[in-house]
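Before I ask anything, let me first share the structure, which is written out below as C-alpha cells.
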Protein chains: 2
Amino acid sequence: MTELQQQVEDAIVARRERVNDAIPEELPVTRPEKLYEAARYLLDAGGKRLRPTMFLLVAEALADVEPLSEDYRSFPTLDGDDVDVMAAAVAVETIQSFTLIHDDIMDDDDLRRGVPSVHREYDLSTAILAGDTLYSKAFENILETGAEAERSVAAVSELASSCTKICEGQSFDIAFEQADEVTTEEYLEMVELKTAVLYGASAAIPAMLLGADDETVEAVHGYGLDVGRAFQIQDDLLDLTTPSEKLGKQRGSDLVENKQTIITLHARQQGVDVDSLVDADSVETVSEEAVEAAVGELEDAGSIEFARETAHDLIDSGKGRLKVLPDNESRRLLEGIADYLVEREY
Amino acid sequence: MTELQQQVEDAIVARRERVNDAIPEELPVTRPEKLYEAARYLLDAGGKRLRPTMFLLVAEALADVEPLSEDYRSFPTLDGDDVDVMAAAVAVETIQSFTLIHDDIMDDDDLRRGVPSVHREYDLSTAILAGDTLYSKAFENILETGAEAERSVAAVSELASSCTKICEGQSFDIAFEQADEVTTEEYLEMVELKTAVLYGASAAIPAMLLGADDETVEAVHGYGLDVGRAFQIQDDLLDLTTPSEKLGKQRGSDLVENKQTIITLHARQQGVDVDSLVDADSVETVSEEAVEAAVGELEDAGSIEFARETAHDLIDSGKGRLKVLPDNESRRLLEGIADYLVEREY
C-alpha cells in the first residue's frame, strides 16, 4: 500500500468514527421505539460512510483548514459564519440507508452488511415505514445546519432532486431486468441516477452550505458524479475478479443471476452469448472453474478492459474537476478517495 | 342544506378543479413512464382535495382577497411580493397520496377510491417506489413557490417534520392493533400524528409562505390540527351511523374487524365487552341487525355521544383560532369547512 493509500484509509476511518458518533445524535431512538430502532438498524450494522466522508472532506478542502482540525458541528463558512456540516453529512447517509431498506424489499434480499435485511429482521410494514421515517428525518436534519436560508434552500433542493433521481434509477434498474436489449449508455444513465447522484449531492451540498460560488459547486458536483459512476463499475468488476473469500459472496454471482452490468452489456454488443456464459442455476451450485471460464470469455471480448477503462476515465475526469479547490491536503485526499474506489479489491 | 353548507361545497369543488389542473403540471409523466404513471394513479383516481382546499383558503383569507379572484400561481404575499401557492398546495396532496400508497401495502388493502390500490394495480416494488417518488417530488415542489428563502425553509421544515410524525402515527396505529389496552388519550395522540398533522401543515404552510407573523402561523396550524382530529373521529362515527349504501362499504366494518376507534376505546373504559359486540367473522357475513344492536350498546354506554362531543369540541376550538384572520368570506368558508367535516354523512 502506498503512503497516499494509507492516508486515504486513515482519513476514511477517522471521519467514519465522527459520523458514527453523530448518527445517534441526529436519529435518536424515541417513541415509537420499535420504529426508530428499525430505522437505525442498518445504519448501526456498519458501512464505510464514504458519502459523508466525501462530504466532510469537500468542506475541509474548501474551507482550506487543517484536516480534522475543526468542529464539524460548528464549521467555518467561506464568509466567516459557521454551520453544522455534520448534520447535513449524516442526512446523506440517512438517505442512503433509506434506499437500501426499500431496495432490499424490492429485490427480496435477505442479507445486508452481514445482517438480515430490515424486512427480514422486522417485517414488511416496519421496513417500509422505517425507510419513510429516515427519508423525512434526512430532510429535517439537512435543515438544521444553521446555514443562511438561501444556502439551506439550495442544499435541500439538491437532496430532494437527488432522491427523485435515485427512484428513477431504481425504476430503470428493475425494468432492465426484464428488458431484451440495454445499451451500455442506458446502463450508465441508470447508474448515474441510482448511484452517482447521491455522491454528486455529497460533494455539492457542503459547497452550497459553505457559500462557494456556482462554478465550484458545479465542479465538485461533477467530481461526485464521476466518482459515483466509477464506484458502481468497480463493483461490477469486483464481482468477476475478486476471489469469493475476499468478496464475502460467490464470485461471479451477477453472471449466475443474469444481472446486467456494463461488462455483460459490452460483451453482448460484441456478440458474446452472455446468457449461456455460466451453466449454473444458482450461486450455491456454480463452480469456480465455470466462473473462471466465463471471465476468460469476457476478457477475450475486451469487456473487462472496457469496464476498467471506463472507470479509470471517470476517475481521471473527476480528479480533474477538483482543480477548483484550494491546493491542500484535503483535496489530495479527495483525489486519493477517487483512486481508492477503483483500486479497492472489495 | 343551508346556504353556508352549499357555499362550502361550492368552494371545495371550485378549488378541487384548480388543484386537479395543477397536479399534472407539478407531477408530469416523464421517463421512466411506468414509475410516474404509478405515482399519479391514485391522484388521478379522485379525492376531495380537502387539504389543498384548506391550504388555498387560508392563503385567500390571509391575503384578504376576493375568493378565487387571484392566480394561485402568482399569489400576493402580505408584503407585496408574489408566490406560487398552488405548487405548495399540491405538495401537501402529494404527501397524502404517498402515505395512502404505502399504507395500503402495510394494511394489504385491495381497494382505494373505488379502484385497485397501487400495489394491486401494479406490484409491490412499483408501489413502494411510486410512493418514494411522490415523497421527494413534494419536497421539490414546495421549494418552487418563489417565496423568500427564510419562508421556504420554514415551509419545507414543516413538511418534513409532518412526514416524520405521520410515520410515527402509522407506527402507533399498527402497534395498537396488537395492544391489549389503549386509552382514548393514546388514540387521540395517534390520530393527531397520523391524520391531523397534515391538516395542520396545510393550514400553516400558506401562512408561512405569505409572510404571516408567528402568532398567526401558530393559530391556523392549531385550526388544522383540531379539524384534522375531528375529521378522523367523524370517520369513526360514520362507520357506525351511516347506512351501508351511503357509506359505500358495510356499516360497522370497524367493529367486525376489531379496529380500535375512539368509540370502542371509550366503551371499553366503560366496561363494555367490545370484542363480543358483533358476532360475525367477516364484513360479508355480518347482519344489519347485529350492527344495529352493537351500536345500541355503544349508545347506551355513552360512547357515541362521547365521540360526537369530542369532535364538536375540536371543531369549536378550531373555529375559535381563526379569529386571527381578517374577517372575510374565505375565513367564513374555513369555519364552514370545519363544520362540514363533522356534519358530512359520508
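Between a residue in segment A:151-166 that is over 14 Å from residue B:133 (Cβ atoms) and any residue that is at pLDDT 95 or above and polar (S, T, N, Q), which pairs come within a Cβ distance under 8 Å, given they are 6 or more apart or on different chains?
Sorted first by the residue in segment A:151-166, then by its partner, the pairs are A:152/A:145; A:153/B:152; A:155/A:145.
Run down B:81, B:107 and say which single residue is open to solvent by 20 Å² or more (accessible area, probe 1.4 Å), modelled with pLDDT under 95 and either within 15 Å of residue B:206 (Cβ to Cβ) or within 9 Å of another protein chain (Cβ to nearest Cβ) (or both).
Testing whether each residue is open to solvent by 20 Å² or more (accessible area, probe 1.4 Å), modelled with pLDDT under 95 and either within 15 Å of residue B:206 (Cβ to Cβ) or within 9 Å of another protein chain (Cβ to nearest Cβ) (or both) leaves just B:107.
While we're looking at this one, here's another question. Quick one: is residue B:220 within 13 Å of the chain's Cα centre (by Cα), open to solvent by less than 10 Å² (accessible area, probe 1.4 Å) and β-branched (Val, Ile, Thr)?
The answer is no for residue B:220.
Quick one: is residue A:342 in contact with a His (Cβ under 8 Å, 6 or more places away or on another chain), surrounded by fewer than 21 Cβ atoms within 10 Å (Cβ to Cβ) and of a type in the set (Val, Ile, Thr)?
The answer is yes for residue A:342.
I've got another one for you. Can you pull out the residues in segment B:57-71 that are under 19 Å from residue B:21 (Cα atoms) and open to solvent by 10 Å² or more (accessible area, probe 1.4 Å)?
Within segment B:57-71, B:67, B:68, B:69, B:70, B:71 meet the criteria.
Taking the conditions exactly as written (under 25 Å from residue A:115 (Cα atoms), at pLDDT 85 or above and either crowded, with 19+ Cβ neighbours inside 10 Å or more than 21 Å from the chain's Cα centre (by Cα) (or both)), does residue A:256 satisfy them or not?
It is true that residue A:256 is under 25 Å from residue A:115 (Cα atoms), at pLDDT 85 or above and either crowded, with 19+ Cβ neighbours inside 10 Å or more than 21 Å from the chain's Cα centre (by Cα) (or both).
Any idea which residue in segment A:130-169 is farthest from residue A:52 (Cα to Cα), counting only those that are open to solvent by 10 Å² or more (accessible area, probe 1.4 Å), at the interface with chain B (Cβ under 7 Å from one of its Cβ atoms) and among the aliphatic types (A, V, I, L, M)?
This residue is A:149.
In segment A:246-299, what count of residues is obtained for those that are among the polar types (S, T, N, Q), outside any loop (DSSP other than H, G, I, E, B) and in contact (Cβ under 8 Å) with a residue 60 or more places away in the chain?
Counting residues in segment A:246-299 that are among the polar types (S, T, N, Q), outside any loop (DSSP other than H, G, I, E, B) and in contact (Cβ under 8 Å) with a residue 60 or more places away in the chain gives 1.
Residues are listed down the side, and each one gets a yes or a no for (1) crowded, with 20+ Cβ neighbours inside 10 Å; (2) under 30 Å from residue A:216 (Cβ atoms):
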{"residue": "A:261", "(1), (2)": "yes, no"}
{"residue": "A:287", "(1), (2)": "no, no"}
{"residue": "A:303", "(1), (2)": "yes, no"}
{"residue": "A:322", "(1), (2)": "yes, yes"}
{"residue": "A:331", "(1), (2)": "yes, yes"}
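So, of the residues in segment A:120-129 that are free of Cβ contacts under 8 Å to residues at least 40 places away in the same chain and more than 8 Å from every other protein chain (Cβ to nearest Cβ), which turns out to be most open to solvent (accessible area, probe 1.4 Å)?
Among them, the one singled out is A:120.
Would you point out the residue of segment B:18-53, among those that are in a helix (DSSP H, G or I) and of a type in the set (Val, Ile, Thr), that is surrounded by the fewest Cβ atoms within 10 Å (Cβ to Cβ)?
Taking the candidates together, the pick is B:23.
Continuing with the same structure: Suppose we filter A:108, A:104, A:132 for residues that are of a type outside the set (Ser, Thr, Tyr), free of Cβ contacts under 8 Å to residues at least 40 places away in the same chain and closer than 22 Å to residue B:156 by Cβ; which single one remains?
A:132
Moving to a separate point now. I'd like to verify a number: residues in segment A:106-129 that are within 16 Å of residue B:103 (Cα to Cα), part of a helix (DSSP H, G or I) and not aliphatic (A, V, I, L, M), how many?
The total comes to 3.
So, one more: Scan segment B:321-332 and report the pairs whose first residue is under 17 Å from residue B:204 (Cα atoms) and whose second residue is open to solvent by 80 Å² or more (accessible area, probe 1.4 Å), with Cβ atoms within less than 7 Å and a gap of 6+ or a chain change.
B:324/B:215; B:326/B:64
Just the residues that are of a type in the set (Asp, Glu) and either more than 20 Å from the chain's Cα centre (by Cα) or at positive phi (or both), please, taken from segment B:116-159.
B:121, B:123, B:140, B:144, B:148, B:150, listed by residue number.
Go through segment B:192-246 and give me each residue that's over 28 Å from residue B:283 (Cβ atoms) and of a type in the set (Phe, Trp, Tyr).
B:199, B:223
Please work out which one of (1) open to solvent by less than 70 Å² (accessible area, probe 1.4 Å); (2) at pLDDT below 95; (3) of a type in the set (Ser, Thr, Tyr) is the condition residue A:2 fails and give its number.
(1)
Quick one: which residue in B:143, B:210, B:124 is of a type outside the set (Gly, Ala, Ser), more than 30 Å from residue B:78 (Cα to Cα) and touching a helix residue (DSSP H, G or I) at 6+ places or on another chain (Cβ under 9 Å)?
B:124
Could you figure out which of (1) modelled with pLDDT under 95; (2) open to solvent by less than 20 Å² (accessible area, probe 1.4 Å); (3) of a type in the set (A, V, I, L, M) isn't true of residue A:272?
The single condition residue A:272 does not satisfy is (2).
Condition first: at pLDDT below 90, touching a helix residue (DSSP H, G or I) at 6+ places or on another chain (Cβ under 6 Å) and part of a helix (DSSP H, G or I). Can you find one or more residues in segment A:301-319 that meet it?
So far as segment A:301-319 goes, no, none of its residues is at pLDDT below 90, touching a helix residue (DSSP H, G or I) at 6+ places or on another chain (Cβ under 6 Å) and part of a helix (DSSP H, G or I).
The rows are residues; the columns are (1) touching a helix residue (DSSP H, G or I) at 6+ places or on another chain (Cβ under 6 Å); (2) within 14 Å of another protein chain (Cβ to nearest Cβ); (3) touching a residue at least 12 places away in the same chain (Cβ under 8 Å).
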| residue | (1), (2), (3) |
| --- | --- |
| A:6 | no, no, no |
| A:36 | no, yes, yes |
| A:39 | yes, yes, yes |
| A:49 | yes, no, yes |
| A:55 | yes, no, yes |
| A:69 | no, no, no |
| A:90 | yes, no, yes |
| A:113 | no, no, yes |
| A:117 | yes, yes, yes |
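To continue, here is another question. Between A:210, A:255, which is touching a strand residue (DSSP E or B) at 6+ places or on another chain (Cβ under 8 Å) and not basic (Lys, Arg)?
None of the others qualify; the one that does is A:210.
The values are calculated or read from the model by the stated rules, or taken from the named source; none is laboratory data. Bear in mind that the values here come from a model prediction, so they are computed numbers and not experimental data. Cβ: placed from backbone, ideal geometry, glycine included. Neighbour counts: every protein chain shown. Ligands, DNA and RNA are excluded from the accessible area calculation, which covers all protein heavy atoms including side chains. Shrake-Rupley method; radii C 1.70, N 1.55, O 1.52, S 1.80 Å.
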